[in-house]
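The values are calculated or read from the model by the stated rules, or taken from the named source; none is laboratory data. All figures in this text were calculated on a predicted structure; none of them were measured in a lab. All Cβ positions, glycine included, derive from the backbone under ideal geometry; neighbour counts span all protein chains shown. What goes into the accessible areas is simple: the full protein's heavy atoms, side chains included, and nothing from ligands, DNA or RNA. Shrake-Rupley method; radii C 1.70, N 1.55, O 1.52, S 1.80 Å.
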Amino acid sequence: MNKDRIIGALLLLLIAVAMIFLTISGAFGKKEPMVEEIKEEQEDENLIVVGFSQVGSESIWRTTHTRSLQEALSKENGFFLQYSNARQKQENQIKAIRGFISQRVDYIVFSPATEDGWETVLTEAKDAGIPVILVDRKIAESESDLYTTWVGSDMTAEGLRAGQWLAYEQARRGRAEAELNIVVLKGTIDSTSERGRTAGFEQIAKKHDNWHILCSESGDFTTSKGKEVMAQLLKRYPDIDVVVSQNDEMTFGAMEAIREAGLATGIHGRITIISFDSVKEALELVEEGSINCDVECNPLQGELVAEVIRKLERGEKVEKEYFVEEKVFTRANVKDYLDERLY
Ligand code: AHR
(Lines give C-alpha, C1' and ligand atoms only; values in the text may rest on other atoms or scores of the structure.)
Protein backbone atom coordinates (compact mmCIF):
# COMPACT_ATOMS: atom_id res chain seq x y z
CA MET A 1 0.00 0.00 0.00
CA ASN A 2 1.46 3.41 -0.93
CA LYS A 3 1.68 6.35 1.51
CA ASP A 4 -1.30 8.29 -0.03
CA ARG A 5 -3.62 5.28 0.23
CA ILE A 6 -2.63 4.75 3.88
CA ILE A 7 -3.33 8.43 4.70
CA GLY A 8 -6.67 8.19 2.82
CA ALA A 9 -7.68 5.07 4.76
CA LEU A 10 -6.69 6.68 8.08
CA LEU A 11 -8.74 9.78 7.23
CA LEU A 12 -11.83 7.67 6.45
CA LEU A 13 -11.37 5.81 9.73
CA LEU A 14 -11.12 9.11 11.60
CA ILE A 15 -14.34 10.40 10.01
CA ALA A 16 -16.14 7.14 10.86
CA VAL A 17 -15.00 7.29 14.51
CA ALA A 18 -16.07 10.95 14.76
CA MET A 19 -19.52 10.12 13.35
CA ILE A 20 -20.01 7.25 15.80
CA PHE A 21 -18.94 9.51 18.68
CA LEU A 22 -21.34 12.29 17.62
CA THR A 23 -24.24 9.84 17.32
CA ILE A 24 -23.59 8.31 20.74
CA SER A 25 -23.06 11.62 22.55
CA GLY A 26 -26.17 13.00 20.84
CA ALA A 27 -28.25 10.10 22.12
CA PHE A 28 -26.89 10.26 25.68
CA GLY A 29 -26.86 14.03 25.83
CA LYS A 30 -30.61 14.29 25.14
CA LYS A 31 -32.42 16.00 27.99
CA GLU A 32 -35.94 15.04 29.10
CA PRO A 33 -38.27 17.76 27.88
CA MET A 34 -39.48 19.97 30.77
CA VAL A 35 -43.05 19.74 29.61
CA GLU A 36 -44.30 16.56 28.00
CA GLU A 37 -46.60 17.65 25.23
CA ILE A 38 -48.69 15.97 22.66
CA LYS A 39 -49.13 18.41 19.81
CA GLU A 40 -50.87 17.34 16.69
CA GLU A 41 -51.92 19.10 13.56
CA GLN A 42 -55.63 19.75 13.53
CA GLU A 43 -57.21 18.20 10.45
CA ASP A 44 -60.87 18.93 11.01
CA GLU A 45 -61.83 22.60 11.40
CA ASN A 46 -65.10 21.68 13.12
CA LEU A 47 -63.43 20.09 16.12
CA ILE A 48 -63.51 21.97 19.43
CA VAL A 49 -59.89 22.72 20.34
CA VAL A 50 -59.04 22.12 24.01
CA GLY A 51 -55.67 22.72 25.68
CA PHE A 52 -55.30 20.48 28.73
CA SER A 53 -52.54 21.12 31.26
CA GLN A 54 -52.22 18.17 33.64
CA VAL A 55 -50.31 18.62 36.88
CA GLY A 56 -48.17 15.49 36.45
CA SER A 57 -48.23 11.71 36.52
CA GLU A 58 -47.39 11.12 40.18
CA SER A 59 -50.04 8.50 40.92
CA ILE A 60 -52.34 5.84 39.47
CA TRP A 61 -55.13 8.27 40.26
CA ARG A 62 -53.47 10.94 38.13
CA THR A 63 -52.81 8.74 35.10
CA THR A 64 -56.41 7.49 35.27
CA HIS A 65 -57.59 11.10 35.43
CA THR A 66 -55.52 11.97 32.35
CA ARG A 67 -56.89 8.98 30.46
CA SER A 68 -60.45 9.89 31.42
CA LEU A 69 -60.05 13.36 29.92
CA GLN A 70 -58.22 12.09 26.83
CA GLU A 71 -60.96 9.56 26.14
CA ALA A 72 -63.82 12.00 26.67
CA LEU A 73 -62.17 14.81 24.67
CA SER A 74 -61.35 12.61 21.69
CA LYS A 75 -61.72 13.36 17.96
CA GLU A 76 -64.56 10.82 17.77
CA ASN A 77 -66.38 12.94 20.35
CA GLY A 78 -65.78 16.16 18.41
CA PHE A 79 -62.73 17.50 20.24
CA PHE A 80 -59.14 18.25 19.32
CA LEU A 81 -57.00 17.89 22.45
CA GLN A 82 -53.59 19.44 23.06
CA TYR A 83 -52.17 17.66 26.13
CA SER A 84 -49.38 18.95 28.33
CA ASN A 85 -47.88 17.25 31.42
CA ALA A 86 -46.36 19.81 33.82
CA ARG A 87 -44.43 17.30 35.93
CA GLN A 88 -45.60 18.90 39.19
CA LYS A 89 -44.25 22.33 38.32
CA GLN A 90 -46.49 25.38 38.32
CA GLU A 91 -44.06 27.21 36.01
CA ASN A 92 -44.58 24.45 33.42
CA GLN A 93 -48.34 24.85 33.70
CA ILE A 94 -48.08 28.61 33.24
CA LYS A 95 -45.90 28.03 30.17
CA ALA A 96 -48.39 25.52 28.76
CA ILE A 97 -51.34 27.86 29.35
CA ARG A 98 -49.50 30.69 27.60
CA GLY A 99 -48.89 28.30 24.71
CA PHE A 100 -52.61 27.48 24.53
CA ILE A 101 -53.44 31.19 24.53
CA SER A 102 -51.07 31.89 21.65
CA GLN A 103 -52.53 28.92 19.74
CA ARG A 104 -55.97 30.46 20.36
CA VAL A 105 -57.53 27.22 21.57
CA ASP A 106 -61.29 27.24 22.20
CA TYR A 107 -61.02 26.13 25.86
CA ILE A 108 -58.29 25.73 28.45
CA VAL A 109 -58.72 22.87 30.91
CA PHE A 110 -56.25 22.50 33.76
CA SER A 111 -55.65 20.93 37.14
CA PRO A 112 -53.71 23.51 39.17
CA ALA A 113 -50.68 22.14 41.01
CA THR A 114 -51.33 24.50 43.92
CA GLU A 115 -54.10 27.01 44.61
CA ASP A 116 -52.15 30.26 44.48
CA GLY A 117 -50.25 32.19 41.81
CA TRP A 118 -52.57 32.01 38.78
CA GLU A 119 -53.84 35.57 38.56
CA THR A 120 -51.52 36.85 35.83
CA VAL A 121 -51.77 33.97 33.38
CA LEU A 122 -55.52 33.49 33.86
CA THR A 123 -56.07 37.21 33.32
CA GLU A 124 -54.22 36.74 30.01
CA ALA A 125 -56.60 33.90 29.13
CA LYS A 126 -59.59 36.04 30.11
CA ASP A 127 -58.35 38.95 28.01
CA ALA A 128 -57.94 36.56 25.07
CA GLY A 129 -61.58 35.49 25.57
CA ILE A 130 -60.71 31.82 26.23
CA PRO A 131 -62.91 30.10 28.83
CA VAL A 132 -60.96 28.26 31.52
CA ILE A 133 -62.29 25.06 33.07
CA LEU A 134 -60.61 23.87 36.25
CA VAL A 135 -60.55 20.17 36.84
CA ASP A 136 -59.76 18.19 40.01
CA ARG A 137 -58.07 21.00 41.98
CA LYS A 138 -59.03 24.65 42.40
CA ILE A 139 -57.40 28.06 42.55
CA ALA A 140 -57.73 30.70 45.29
CA GLU A 141 -61.30 31.74 46.10
CA SER A 142 -60.42 35.41 45.42
CA GLU A 143 -59.65 34.56 41.78
CA SER A 144 -62.86 32.69 41.05
CA ASP A 145 -63.86 35.22 38.37
CA LEU A 146 -60.89 33.99 36.31
CA TYR A 147 -62.43 30.61 35.49
CA THR A 148 -65.78 29.59 34.06
CA THR A 149 -66.42 26.38 35.92
CA TRP A 150 -64.79 23.58 37.92
CA VAL A 151 -65.24 19.81 37.83
CA GLY A 152 -63.86 17.67 40.65
CA SER A 153 -64.08 16.18 44.12
CA ASP A 154 -65.14 17.77 47.38
CA MET A 155 -61.77 17.43 49.10
CA THR A 156 -62.97 18.83 52.44
CA ALA A 157 -65.81 16.31 52.46
CA GLU A 158 -63.21 13.58 51.84
CA GLY A 159 -61.24 14.72 54.91
CA LEU A 160 -64.45 14.85 56.95
CA ARG A 161 -65.31 11.30 55.86
CA ALA A 162 -61.90 10.07 57.03
CA GLY A 163 -62.44 11.65 60.45
CA GLN A 164 -66.02 10.44 60.72
CA TRP A 165 -64.96 6.90 59.91
CA LEU A 166 -62.26 6.98 62.59
CA ALA A 167 -64.75 8.26 65.20
CA TYR A 168 -67.25 5.59 64.20
CA GLU A 169 -64.62 2.85 64.29
CA GLN A 170 -63.30 3.87 67.71
CA ALA A 171 -66.84 3.83 69.09
CA ARG A 172 -67.59 0.48 67.45
CA ARG A 173 -64.54 -1.03 69.15
CA GLY A 174 -65.58 0.47 72.50
CA ARG A 175 -62.53 2.78 72.38
CA ALA A 176 -64.21 6.14 71.94
CA GLU A 177 -62.47 7.50 75.02
CA ALA A 178 -59.04 5.94 74.34
CA GLU A 179 -56.03 8.18 73.69
CA LEU A 180 -55.14 8.10 69.99
CA ASN A 181 -51.82 9.14 68.44
CA ILE A 182 -52.21 10.19 64.84
CA VAL A 183 -49.73 11.17 62.12
CA VAL A 184 -50.81 12.74 58.83
CA LEU A 185 -48.97 12.24 55.55
CA LYS A 186 -50.02 15.25 53.53
CA GLY A 187 -50.00 15.54 49.76
CA THR A 188 -48.51 18.42 47.78
CA ILE A 189 -48.63 21.40 50.12
CA ASP A 190 -51.17 24.09 49.14
CA SER A 191 -52.90 21.91 46.57
CA THR A 192 -56.69 21.72 46.95
CA SER A 193 -56.51 18.02 47.79
CA GLU A 194 -54.00 18.65 50.60
CA ARG A 195 -55.79 21.71 51.97
CA GLY A 196 -59.26 20.18 51.79
CA ARG A 197 -58.39 16.78 53.25
CA THR A 198 -56.34 18.37 56.03
CA ALA A 199 -59.11 20.84 56.93
CA GLY A 200 -61.85 18.20 56.83
CA PHE A 201 -60.00 15.71 59.02
CA GLU A 202 -58.92 18.41 61.50
CA GLN A 203 -62.52 19.56 61.84
CA ILE A 204 -63.44 16.14 63.24
CA ALA A 205 -60.20 15.71 65.21
CA LYS A 206 -60.88 18.98 67.06
CA LYS A 207 -64.05 17.46 68.49
CA HIS A 208 -62.05 14.68 70.16
CA ASP A 209 -59.78 15.80 73.00
CA ASN A 210 -58.25 12.32 73.14
CA TRP A 211 -57.07 12.45 69.49
CA HIS A 212 -53.54 13.79 69.23
CA ILE A 213 -52.14 14.78 65.83
CA LEU A 214 -48.45 14.24 66.60
CA CYS A 215 -47.20 15.45 63.27
CA SER A 216 -48.35 16.39 59.73
CA GLU A 217 -45.72 16.14 57.04
CA SER A 218 -45.81 16.15 53.26
CA GLY A 219 -45.02 13.02 51.27
CA ASP A 220 -45.79 14.89 48.02
CA PHE A 221 -48.35 12.30 46.89
CA THR A 222 -45.58 9.83 45.93
CA THR A 223 -44.63 6.36 47.16
CA SER A 224 -40.94 7.11 47.64
CA LYS A 225 -41.53 10.28 49.68
CA GLY A 226 -44.32 8.59 51.62
CA LYS A 227 -41.93 5.82 52.64
CA GLU A 228 -39.13 8.22 53.50
CA VAL A 229 -41.33 10.45 55.68
CA MET A 230 -43.01 7.48 57.39
CA ALA A 231 -39.65 5.92 58.25
CA GLN A 232 -38.59 9.18 59.94
CA LEU A 233 -41.90 9.48 61.80
CA LEU A 234 -41.61 5.92 63.13
CA LYS A 235 -38.23 6.77 64.59
CA ARG A 236 -39.50 10.02 66.11
CA TYR A 237 -42.78 8.61 67.47
CA PRO A 238 -42.68 5.01 68.71
CA ASP A 239 -46.37 5.00 69.67
CA ILE A 240 -48.28 5.84 66.48
CA ASP A 241 -51.84 4.43 66.44
CA VAL A 242 -53.20 5.91 63.22
CA VAL A 243 -51.70 6.99 59.89
CA VAL A 244 -53.86 9.28 57.76
CA SER A 245 -52.23 9.21 54.34
CA GLN A 246 -53.68 11.62 51.81
CA ASN A 247 -53.29 9.31 48.81
CA ASP A 248 -52.80 5.63 48.02
CA GLU A 249 -49.29 6.10 46.59
CA MET A 250 -47.99 7.52 49.88
CA THR A 251 -49.87 4.77 51.72
CA PHE A 252 -48.01 2.08 49.75
CA GLY A 253 -44.70 3.70 50.72
CA ALA A 254 -45.73 4.23 54.35
CA MET A 255 -46.82 0.61 54.67
CA GLU A 256 -43.44 -0.53 53.39
CA ALA A 257 -41.70 1.61 56.03
CA ILE A 258 -43.98 0.25 58.75
CA ARG A 259 -43.31 -3.34 57.66
CA GLU A 260 -39.57 -2.68 57.62
CA ALA A 261 -39.87 -1.35 61.18
CA GLY A 262 -41.33 -4.73 62.15
CA LEU A 263 -44.89 -3.45 62.71
CA ALA A 264 -48.19 -4.53 61.21
CA THR A 265 -51.07 -2.42 59.89
CA GLY A 266 -54.80 -2.78 59.51
CA ILE A 267 -57.42 -4.84 61.24
CA HIS A 268 -54.92 -7.33 62.68
CA GLY A 269 -52.07 -4.86 63.25
CA ARG A 270 -51.11 -2.14 65.67
CA ILE A 271 -51.41 0.79 63.24
CA THR A 272 -54.71 1.84 61.69
CA ILE A 273 -54.35 3.07 58.11
CA ILE A 274 -56.69 5.57 56.50
CA SER A 275 -55.96 6.28 52.84
CA PHE A 276 -57.46 8.36 50.02
CA ASP A 277 -58.12 7.67 46.29
CA SER A 278 -59.28 4.01 46.34
CA VAL A 279 -57.36 2.64 43.36
CA LYS A 280 -57.73 -1.09 42.78
CA GLU A 281 -54.36 -1.98 44.30
CA ALA A 282 -55.33 -0.20 47.52
CA LEU A 283 -58.83 -1.68 47.58
CA GLU A 284 -57.24 -5.13 47.44
CA LEU A 285 -55.33 -4.19 50.60
CA VAL A 286 -58.61 -3.05 52.17
CA GLU A 287 -60.08 -6.46 51.35
CA GLU A 288 -56.99 -8.16 52.78
CA GLY A 289 -57.38 -6.03 55.94
CA SER A 290 -54.07 -4.17 55.90
CA ILE A 291 -55.66 -0.81 55.01
CA ASN A 292 -58.61 -0.09 57.34
CA CYS A 293 -60.39 2.59 55.36
CA ASP A 294 -59.99 4.15 51.93
CA VAL A 295 -61.83 7.37 51.13
CA GLU A 296 -62.57 7.53 47.44
CA CYS A 297 -61.40 10.35 45.18
CA ASN A 298 -63.03 9.78 41.80
CA PRO A 299 -60.69 10.47 38.84
CA LEU A 300 -63.32 9.76 36.17
CA GLN A 301 -64.04 13.40 35.40
CA GLY A 302 -63.62 13.48 31.62
CA GLU A 303 -67.27 12.92 30.66
CA LEU A 304 -68.42 15.72 32.92
CA VAL A 305 -65.84 18.10 31.43
CA ALA A 306 -66.96 17.18 27.88
CA GLU A 307 -70.59 17.72 28.86
CA VAL A 308 -69.86 21.15 30.33
CA ILE A 309 -67.99 22.21 27.16
CA ARG A 310 -70.90 21.05 25.00
CA LYS A 311 -73.25 23.16 27.12
CA LEU A 312 -71.01 26.19 26.69
CA GLU A 313 -70.89 25.55 22.95
CA ARG A 314 -74.69 25.63 22.87
CA GLY A 315 -74.60 28.92 24.71
CA GLU A 316 -76.19 27.41 27.84
CA LYS A 317 -75.45 28.60 31.34
CA VAL A 318 -73.22 26.32 33.40
CA GLU A 319 -72.85 25.89 37.16
CA LYS A 320 -69.73 27.19 38.89
CA GLU A 321 -69.00 23.73 40.38
CA TYR A 322 -69.65 20.14 39.35
CA PHE A 323 -68.91 17.39 41.87
CA VAL A 324 -68.18 13.74 41.05
CA GLU A 325 -69.66 11.00 43.25
CA GLU A 326 -67.50 9.28 45.84
CA LYS A 327 -67.70 6.55 48.47
CA VAL A 328 -65.82 5.25 51.52
CA PHE A 329 -64.44 1.71 51.39
CA THR A 330 -63.81 -0.63 54.30
CA ARG A 331 -63.61 -4.39 54.55
CA ALA A 332 -67.38 -4.42 55.09
CA ASN A 333 -68.28 -3.15 51.59
CA VAL A 334 -65.17 -3.38 49.40
CA LYS A 335 -65.98 -6.81 47.91
CA ASP A 336 -69.02 -5.39 46.12
CA TYR A 337 -66.88 -2.84 44.24
CA LEU A 338 -63.55 -4.56 43.59
CA ASP A 339 -64.54 -6.34 40.37
CA GLU A 340 -65.80 -3.21 38.68
CA ARG A 341 -62.77 -1.11 39.64
CA LEU A 342 -60.74 -0.70 36.43
CA TYR A 343 -57.79 1.38 37.69
O1 AHR B 1 -55.83 16.07 43.51
C2 AHR B 1 -56.09 14.71 43.57
C3 AHR B 1 -54.92 14.01 44.18
O4 AHR B 1 -53.79 14.21 43.39
C5 AHR B 1 -55.03 12.51 44.32
O6 AHR B 1 -55.47 12.12 45.56
C7 AHR B 1 -53.60 12.10 44.20
O8 AHR B 1 -53.40 10.75 44.01
C9 AHR B 1 -53.15 12.99 43.13
O10 AHR B 1 -51.83 13.08 42.98
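Overview of results
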quantity: Among the candidates 157, 167, residue that is aliphatic (A, V, I, L, M) and either more than 16 Å from the ligand (Cβ to nearest atom) or open to solvent by less than 10 Å² (accessible area, probe 1.4 Å) (or both); calculated: 167
quantity: Cross-chain or 6+ apart pairs with Cβ under 8 Å, region 44-69 first and without any contact (Cβ under 8 Å) to a residue 24 or more places away in the chain, then away from the ligand (no atom under 15 Å from the Cβ); calculated: 66/83
quantity: Condition check for residue 138: among the basic types (Lys, Arg), over 16 Å from the mean Cα position of the chain (by Cα) and either within 16 Å of the ligand (Cβ to nearest atom) or at pLDDT 95 or above (or both); calculated: no
quantity: Candidate set from region 177-197 (those that are open to solvent by less than 10 Å² (accessible area, probe 1.4 Å) and part of a loop (DSSP other than H, G, I, E, B)); member that is farthest from residue 255 (Cα to Cα); calculated: 191
quantity: Test result for residue 212, open to solvent by 30 Å² or more (accessible area, probe 1.4 Å), touching a residue at least 40 places away in the same chain (Cβ under 8 Å), of a type outside the set (Ser, Thr, Tyr) and not in a helix (DSSP H, G or I); calculated: no
quantity: Enumerated helices (runs of 4 or more DSSP H) restricted to region 236-332, each holding at least 2 residues that are within 30 Å of residue 77 (Cα to Cα) and within 16 Å of the ligand (Cβ to nearest atom); calculated: 302-313
quantity: In region 57-95, the residues that are more than 18 Å from the chain's Cα centre (by Cα) and not charged (D, E, K, R); calculated: 72, 73, 74, 77, 78, 79, 80, 81, 82
quantity: Only one of 132, 105, 109 that is among the β-branched types (Val, Ile, Thr) and out of contact with any Gly (no Cβ under 9 Å at 6 or more places or on another chain); calculated: 132
quantity: Checking residue 286 against (1) in contact with a Phe, Trp or Tyr (Cβ under 6 Å, 6 or more places away or on another chain); (2) aliphatic (A, V, I, L, M); (3) in contact (Cβ under 8 Å) with a residue 60 or more places away in the chain, the condition it does not meet; calculated: (3)
quantity: Candidates 222, 198 - the one that is touching a residue at least 40 places away in the same chain (Cβ under 8 Å), β-branched (Val, Ile, Thr) and closer than 20 Å to residue 327 by Cα; calculated: 198
quantity: Contacts under 6 angstrom Cβ, first residue in region 239-267 being touching a residue at least 24 places away in the same chain (Cβ under 8 Å) and open to solvent by 60 Å² or more (accessible area, probe 1.4 Å), partner within 16 Å of the ligand (Cβ to nearest atom) and part of a helix (DSSP H, G or I), 6 or more apart; calculated: 256/227
